[in-house]
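What follows is calculated from the coordinates using simple rules that are stated; it is not laboratory data. Keep in mind that what you see is a predicted model, and the values were worked out from it rather than measured. Note: ideal-geometry Cβ built from the backbone for every residue, glycine included; neighbour counts use all protein chains shown.
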Protein chains: 2
Amino acid sequence: MNEQQKLPVYVVVMAGGVGSRFWPKSREGTPKQFLEIVGSGTMIQNTVERIRGLVPSSQIVVVTNERHKDLVLQQLPSIPAENILAEPVGRNTAPCIGLAAEWINQRAPESVMIVLPADHLIRNQEEFLRVLDRGVRVATENDALVTIGIHPTHPETGYGYIQFDDTTEGNPYHGDGVSRVRAFAEKPNLETAVQFIKSGDFVWNSGMFIWRTAVILQAIATYLPDLHTQLLNVVPTIGTPEFPKAVELAYGVIRSISIDYGVMEKAEQVFVVRGDFGWSDVGSWDEVVRLTPGDDEGNAFRGLVVAKDARGNYIDAGDKVIAAIGVDDLVIVSSGNAVLICRKGRSQDVKEIVDYLRRKQMNDLL
Amino acid sequence: MNEQQKLPVYVVVMAGGVGSRFWPKSREGTPKQFLEIVGSGTMIQNTVERIRGLVPSSQIVVVTNERHKDLVLQQLPSIPAENILAEPVGRNTAPCIGLAAEWINQRAPESVMIVLPADHLIRNQEEFLRVLDRGVRVATENDALVTIGIHPTHPETGYGYIQFDDTTEGNPYHGDGVSRVRAFAEKPNLETAVQFIKSGDFVWNSGMFIWRTAVILQAIATYLPDLHTQLLNVVPTIGTPEFPKAVELAYGVIRSISIDYGVMEKAEQVFVVRGDFGWSDVGSWDEVVRLTPGDDEGNAFRGLVVAKDARGNYIDAGDKVIAAIGVDDLVIVSSGNAVLICRKGRSQDVKEIVDYLRRKQMNDLL
């Protein structure tokens, strides 16, 4: 790889999530990434807005579920329709990334891919772009698989962790916030998370990646040969009307697997670029509450709320009006045909409510 | 008055209320009396159902606001349309009762009127009918104005009180739960209410009345001559197409006054029949909570509610679904475009919310 050559950069926005943790605002028809949850603009709009200065729209690829393709077109009118790749069904991150890589590879065999989840919050855009830039450099100079790690601020049990190698061995970037990866760790329990933080060589796994397109395709061929085979069936149809049908056939046999588990944990040349740019995966209503500044009485309101003697509440009225009298520390979300009233700190149970509605086949609530 | 003669009985249902205490379920278009709040059936349906055995439909008169006439027709299809008297505007109870009395007087000059608010709860129908029967007897045998008093169970500050004369003087019914009225008292403060209860000669003012039609009309002529004059303008139009216009003109000048203040407090021959029939005026959401039995966890749900670790809540989901997680002792009411979340014991503040919405002219919420 010629280090002087400046490769074209593509950004792949992974928007396949169908999370239920933001019910009743998130529904199967409008998952989290398509919602305005923190600040203004939907999460996918903010994700794309953030990297506007980095790449032209023609080099942004969005992978989403078939049923949300129109939503992507609608929310991101500047992205060319052919850059929106529809999956018939979610198969975790490896197939999604593989499909996008093949698509990009057809256009620009010599290119770098940045892979970003569509539904993360990033407060410090400048620092974020600096980290991406560093990642691109590491990926291209070393034919490396690069992952972005987040400086942990507390022993969070909701994130995966990355253990990095803090030595200089094989690391020309030591001291620059770049390390080789020693291990990937699944979401830990609290005790383990506390150990991770103490040890000082763990960062949060952000789920963001950077690599040369050819390098990730080679890694998939090596570590996920079945996926590779299926993708090869799709490749000749890219840019033709047969593409959706070929994807559907391939996804019928592709198994669900994450890129971390399927590739990153096994590959050799894996680096982590550590960043600190006000990141959150915004995983629950409680996290939204933490991210939303309150008024003098600790209340944070979205939409039309009338409150009396109410303190410490997060209230999203949706298209309704919510009147709150004498209530404290509640998360209240009204959306469409449903209202959630949840004590703060209990929003992890929202998933159970959705599971219940699903078991009862109350489809107009999902 | 011939005591042997059995006069026809008319029941006047006063359904003119536009109360805001049951917001968001009650709106200007559908006040409390037209809602299903406790048990099944709307309050006005239950009010009429209760006296079905007492009088035929043709002898039931409903007085309501013009804008709710269709609602009455719809909820009470058995009541003849001509028996529904529409007021262009509410002027408290005296004009309402006067209008109904004149209407009945045209049909049956020799008759007895029972006046019932449309929005009260009565649990013991049998005892209630016994009390009415006693009241009819007292009213006809003495040309008296009879009011129904309720045995107070606690020093309620939300009701008016009636002090009765516990002597036998001028009271042929002494010992039969019937007394002459000594005084009417407005809603007291708590201290006064406690005194009332202690004294033993106070009952709650139920706002129900019984009298001969001719007797109340005579009393109105005596104590409310202005009202009498206006009603006389209406009388010739009763049963003609000019009636609504005449009522509108009369109500343009009639002043707002209650029958208690305008007549009862001044009249001579006033009796109270004391009853104990599980009565409530259902004046607030908190009262609804008290009247609604809870489940093992103290929750009472109406509509579709999914709850987890929730205790002591009253939840009316309306046409939505409400999910409650980890919350206690709340009153939650969803209706149309609004949701109320109120700590138990604080429902008197609902009125303030409605006042606020009115000041802000948020008419689609009223």
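Okay, here's what the table says:
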read-out	value
Shielding by partners - mean other protein chain Cβ count within 10 Å, residues of A:313-321	3
In order through the stretch A:61-73: 3J(HN,Hα) via Karplus (6.51 cos²θ - 1.76 cosθ + 1.60), integer Hz, x for Gly, Pro	10, 10, 9, 9, 6, 2, 5, 9, 4, 5, 5, 5, 4
For A:G207, distant residues with modelled amide H under 5 Å away	A:I148
Largest to smallest principal axis extent of the C-alpha atoms in the stretch B:1-62, angstrom	50, 22, 17
Order of A:Y251, A:Y356, A:Y10 - criterion: other Cβ atoms within 10 Å of each residue's Cβ, fewest first	A:Y356, A:Y251, A:Y10
The stretch A:182-335 - percent relative contact order, Cα under 8 Å, separation 6 or more	13 percent
5 angstrom amide H check on B:L340, placed H, neighbours 5+ away	A:A323, B:V333, B:S334, B:S335
Other-copy label distances relative to A:S40, 7 angstrom Cα-Cβ extension, nm	5.1
Cα long-axis angle, helix A:350-359 against chain A (0 to 90 degrees, to the nearest 10)	90 degrees
Prolate/oblate/rounded label for the stretch A:38-172 (Cα gyration tensor, a/c 1.5)	prolate
Degrees separating the helix B:125-142 axis from the principal Cα axis of chain B, which is the longest one	20 degrees
Using θ = phi - 60° and Karplus 6.51 cos²θ - 1.76 cosθ + 1.60, couplings along the stretch B:17-34 (whole Hz; Gly, Pro as x)	x, 10, x, 10, 6, 10, 4, x, 6, 7, 10, 4, x, 9, x, 2, 4, 9
Inter-copy spacing of A:Y261 label points, which lie 7 Å from Cα along Cα→Cβ, given in nm from shortest upward	7.4
Where labels lie 7 Å past Cα in the beta-carbon direction, separation of A:D143 and A:T192 in nm	3.4 nm
Calculated FRET efficiency for the pair B:D309/B:L129, C-beta based, R₀ 51 Å, to 0.05	0.70
Contact order normalised by residue count of the stretch A:9-280, Cα under 8 Å, 6+ apart, percent	25 percent
Residue order, fewest to most beta carbons within 10 Å, for A:H151, B:H174, B:H120	A:H151, B:H174, B:H120
Gap separating the Cα centres of the stretch B:267-324 and the stretch B:138-168, nearest whole Å	26 Å
Mean separation of Cα contacts under 8 Å (6+ apart) over length of the stretch A:285-365, as relative contact order %	21 percent
Angle between chain B longest axis and helix B:213-223 axis [Cα atoms, degrees, rounded to 10]	90 degrees
For peptides B:254-266, B:226-238, sequence by mean Cβ density within 10 Å, most packed first	B:254-266, B:226-238
Alpha-carbon Rg with Dmax, taken over the stretch A:9-280, Å	17.8, 54
Teacher prompt: A:P88 distances to equivalent labels in other copies, 7 Å Cα→Cβ, nm	7.0
Spatially close lysines, pair count over the stretch A:285-365: Cα under 25 Å, gap of eight or more or interchain	5
Order of B:V305, A:V61, B:V146 under a 10 Å beta carbon neighbour criterion, fewest first	B:V305, A:V61, B:V146
Whichever lysines have a C-alpha closer than 23 Å to that of A:K245, once near sequence neighbours (fewer than 8 apart) are set aside	A:K69
Partners for B:K198 among lysines (Cα-Cα distance below 23 Å; same-chain residues under 8 apart left out)	B:K187
